[in-house]
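Working notes, structure below.
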Amino acid sequence: MGSVEEERSLGTLLRQLVTLMDGEVDAFYVREGLPLRSRYTPVIKALLRRDSATIKQLAADVGLTHSALSQTISQMTKEGLVIGRPGDDPRERHIRLTPAAKALLPRIKECWRLFDAAAASVSSDAGASLAAVCASAIAALEAKPFGERIKAAGQPKKARSSRSKQKP
């Protein structure tokens, strides 16, 4: 019988890793009384780099689909963290941090410092930098998508029909 790691697929392991870390981050924000979720972090960081951005620009910046980012922006708007204003193109909204979000930035940045230290501890225990492994894997997949890699691995073997014809 194989180890637990061998029995779980890579996708399952990755989802479990994210769940274990993000769940604790979200719980920490709640304990600190901050209206944040872990999924807001890349958006806040992107908006700190540019004063405002469209959802399309933010999606590209943070590596999410337009749909996923729209849902996150909707949640952040309800929390009073971002505001959208119409742009030159009426189909686009320019997203900015609200003054309330900007006022929380010192506390948010202190949380991020603690999260970075905790992640470094996990990396140390794991014997590899989680961030470096993830960045390398993403770069490899951007260079050659997973679908191409599946195709290169070969074709699935055809299952034999249980009703194979018998010769008389």
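Data table
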| read-out | value |
| --- | --- |
| Ser70 versus Lys144: modelled label distance in nm, points set 7 Å from Cα along the beta carbon direction | 3.5 nm |
| The chain: DSSP helices with Cα axial extent of at least 24 Å and average Kyte-Doolittle hydropathy no lower than 0.0 | 10-31, 99-126 |
| Overall dimensions of region 1-71 as given by Cα atoms, namely Rg and Dmax in Å | 16.0, 55 |
| Qualifying trypsin sites (Lys or Arg not before Pro) in region 63-120, DSSP loop, other Cβ atoms within 10 Å at most 15 | Arg91 |
| Average silhouette area of the chain, convex hull of alpha-carbon atoms, in square nanometres | 17.0 nm² |
| Gain upon complete extension [Ala100, Ser136; 0.36 nm per residue less C-alpha separation] | 9.4 nm |
| Highest-MSF residue in the chain out of Ser129, Ser38, Ser52 [GNM, Cα springs under 10 Å] | Ser129 |
| Computed [θ] at 222 nm, deg cm²/dmol, the chain (DSSP H ≥ 4; -39,500 (n - 2.57); rounded to nearest 500) | -20000 deg cm²/dmol |
| For His94, distant residues with modelled amide H under 5 Å away | Arg85, Gly87 |
| Size of electric dipole in the chain: Cβ of Lys, Arg +1 and of Asp, Glu -1, about Cα centre, debye, nearest 20 | 1020 debye |
| Mean separation of Cα contacts under 8 Å, 6 or more apart, over the residue count of the chain: relative contact order % | 12 percent |
| Hypothetical label at Arg91: residues of region 64-80 whose amide nitrogen lies under 19 Å (7 Å Cα-Cβ projection) | 65-71 |
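Read-outs throughout are calculated quantities, based only on the coordinates presented, and are distinct from any laboratory measurement. Values in this document were obtained by computation on a predicted structure and should not be read as measured data. A quick note on method: Cβ atoms are made from the backbone with ideal geometry, for glycine too, and the neighbour counts reach across all protein chains shown.
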